[in-house]
Amino acid sequence: MSKKNRSSSKTALSFHDLRTQAQQCTFRERVGHFSRFIAQMQASREHYYLREIVSPPGRVVDLIDPQTGRKRTFRMFGSNNYLGLANHPSVCEAMRRAVANYGAGVSGPPLLNGYTRLHRELEERLSAFKQAEDTLIFPTGYAANTGLITALTTPRDLVCYDELSHASLCDGLKLARATAQSFRHNDLHQLRQLLEDPAHAAAGDRFVGVEGVYSMDGDLAPLDRMVPLCRKHRAILILDDAHGSGVMGASGRGTAEHFGMEGQIDITMGTFSKTFGVVGGFVSADKAVIDYLRYFARSYMFSASLPPAVIAAVLAGLEVIAREPERREQLQRNVRYLADGLERLGLPVHPEAAIIALRVPRGMNIRAAAGRFHQAGIFLNAIEYPAVPLDEQRFRISVMADHTREDLDRLLETVGRVWGNFESRELRNGTNSDCGLRIAD
């Protein structure tokens, strides 16, 4: 091993190193290297992934501390449970009733033997929620994105997609073998060039893939300008609104409502694993498109239907979103309060949704900083290189409606201490600042 790999880290190999070495390694060598890498992270007390939670997923959670093996209480700022639906009494009660009425699962794919009245009711409710003619439910958000891309595009088509698009869209493009061209994040000028460039002229259709709320930065796709651009060039717009559904818009219907673009999005994809707090995904579009997907989206055709309890949870969540708008209003207040507090700490942020990206200074040891948050009982997601470039490492703060002022003040106090330790050089390059698992939601 080179001196460079040993220089300033208790962890000898980075994940990036392992991926590079994998090209020359056998299967056994690859898994062996990775096993030792994880063991070194754990021995160095740098491993804050896969923490075992032993309580309901609220604003505070109990988990087993990987350093001591004992149960501790943490303030949760790493959950997508934005509106508190994952542990809402109405949602939990709806799930219990569904199990009593329908059992644990349907034991088969929907086209053959896995379609209940609850499933159809949710498709109808989501269609109204997204102002679309019909909706198709998938087992996961990942399956929804890969399924729609592989079913609707061909190698004759051109797909232009934002460079920060989710891995599920990128993987779907690889499977579809469509001509794919990324454009700089939210850069409509470059998108226009791609759509107009004769070199990228497609024999088939043109698609544009964007996200309503981008999960790493919490910023929005400018749909008010993007929709007219797509219409002008006859491009089919695919909107991934995983982090916008339930959060954005006057009624919580998503990013299209926020921009006044409802009914003008060709295809909307969303998930149940964010605001709704369970698992699953969906695609809303014209009825003809959805009917086509039912028979050509392989991730739908060859996957079992979601359990009725999950479907009931989403239905109940939709009712809470409509019945309790104060949850969304409180979420917005919490985001503003936290942003103002970070501004006072000299850390300007400009959140547009419920995600706040707290960029770490270049040279800060993000693993050591993550350890300080953990010690303080703050659950945060550290987004490390190579998930993002070295100069864009960050902590991703997910704000919840249920957070109290005390929770937010405790987070701000801890951020101030951690950044103060960096200024005093305690967190500068102490362990590994350039290695990390590629974890992204």
**Study point:** Top of T404, T140, T153 by mean-square fluctuation, Gaussian network on the chain, Cα under 10 Å
**Key:** T404
Practice item. Using only Cα atoms, locate the centre of region 129-194 and the centre of region 332-409, then give the distance between them in Å, rounded to an integer. Key: 29
Point to revise | Spatial separation of Cα centroids for region 246-266 and region 30-103, in angstrom | key: 30
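Give me V31, V314 sorted ascending by neighbouring Cβ count inside 10 Å, so fewest comes first.
Values: V31 12, V314 26.
The most exposed by this proxy come first: V31, V314.
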Practice item. Along Cα→Cβ, 7 Å out, is where each label goes; now give me the distance between the ones at A250 and T154 in nm to one decimal. Key: 4.3
Revision key, fill the gap. Percent antiparallel among DSSP beta bridges confined to region 106-306, rounded to 5, stands at 35
Revision key, fill the gap. Sparse-neighbourhood loop hits (GluC sites (Glu not before Pro), region 23-106; DSSP loop; Cβ within 10 Å at most 14 others) -> none
Revision key, fill the gap. Residues V388, V210, V54 in order from fewest to most other beta-carbon atoms within 10 Å are V54, V388, V210
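For the chain, what's the relative contact order in percent, using C-alpha pairs closer than 8 Å and at least 6 residues apart?
Numbers: 847 pairs, mean separation 93.8, N = 441.
That works out to 21 percent.
In what sequence do E211, E326, E163 fall when counting other Cβ within 10 Å, fewest first?
Details: E211 25, E326 9, E163 12.
Fewest-to-most Cβ neighbours within 10 Å comes out as E326, E163, E211.
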**Study point:** Read-out Cα extents along the principal axes in Å, derived from the coordinates shown; its label in (1) 90, 51, 43; (2) 72, 60, 41; (3) 60, 54, 47
**Key:** (3)
Exercise for review: Work out how much length R294 to R323 would gain on full extension: take 0.36 nm times their residue separation and subtract the Cα-Cα distance, in nm to one decimal.
Suggested key: 7.3 nm
**Study point:** DSSP bridge pairs, region 176-276: antiparallel proportion in percent, nearest 5
**Key:** 10
Review point. So which DSSP H runs in the chain come out at 15 Å plus along the axis (Cα) with average Kyte-Doolittle of at least 1.0?
Key: 308-323
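Mind jotting down a quarter of the surface of the convex hull over the alpha carbons of region 106-306, in square nanometres, one decimal?
On the way: hull surface 41.0 nm².
That works out to 10.2 nm².
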Revision key, fill the gap. Dividing the mean separation of Cα pairs under 8 Å (6+ apart) by the residue count of region 106-306 yields a relative contact order in percent of 31
Study note, to complete from the structure: When the chain is treated as a Gaussian network with springs between alpha carbons less than 10 Å apart, the largest mean-square fluctuation among V247, V213, V349 is found at V349
Check your understanding: For region 248-262, what does the Karplus curve 6.51 cos²θ - 1.76 cosθ + 1.60, with θ = phi - 60°, yield as ³J(HN,Hα) per residue in whole Hz, taken in order and with x for Gly and Pro?
Key -> 8, x, 4, 10, x, 7, x, 5, 4, 5, 4, 9, x, 10, 4
Practice item. Along Cα→Cβ, 7 Å out, is where each label goes; now give me the distance between the ones at R177 and E124 in nm to one decimal. Key: 4.2
Review point. How long is the gain from R333 to L345 if the chain were fully straight, where each residue apart is worth 0.36 nm and the alpha carbon distance is subtracted?
Key: 2.5 nm
**Study point:** Beta bridge orientation in the chain: antiparallel %, DSSP, nearest 5
**Key:** 55
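Rounded to the nearest 500, what is the chain's calculated 222 nm mean residue ellipticity when only DSSP H runs of at least 4 contribute -39500 (n - 2.57) each, over all residues?
Values: 16 runs with 180 residues, N = 441.
So the helix-based figure for the chain works out to -12500 deg cm²/dmol.
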**Study point:** Rough spin-label spacing in nm, given labels placed 7 Å along Cα→Cβ, for D224 and V279
**Key:** 3.9
Exercise for review: Please find, in a Gaussian network model of the chain (springs between Cα atoms separated by less than 10 Å), the residue of T135, T154, T275 whose mean-square fluctuation is greatest.
Suggested key: T154
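How much length is gained if the chain between V54 and C25 is pulled fully straight, taking 0.36 nm per residue apart and subtracting their Cα-Cα distance, in nm to one decimal?
Working: separation 29, 0.36 × 29 = 10.44 nm, distance 3.81 nm.
In short, 6.6 nm is gained.
FYI, it's all coordinate maths here, none of it is from the lab. The structure displayed is predicted, hence computed values, not measured ones. All Cβ positions, even for glycine, are placed from backbone atoms using ideal geometry, and neighbour counts span all protein chains on display.
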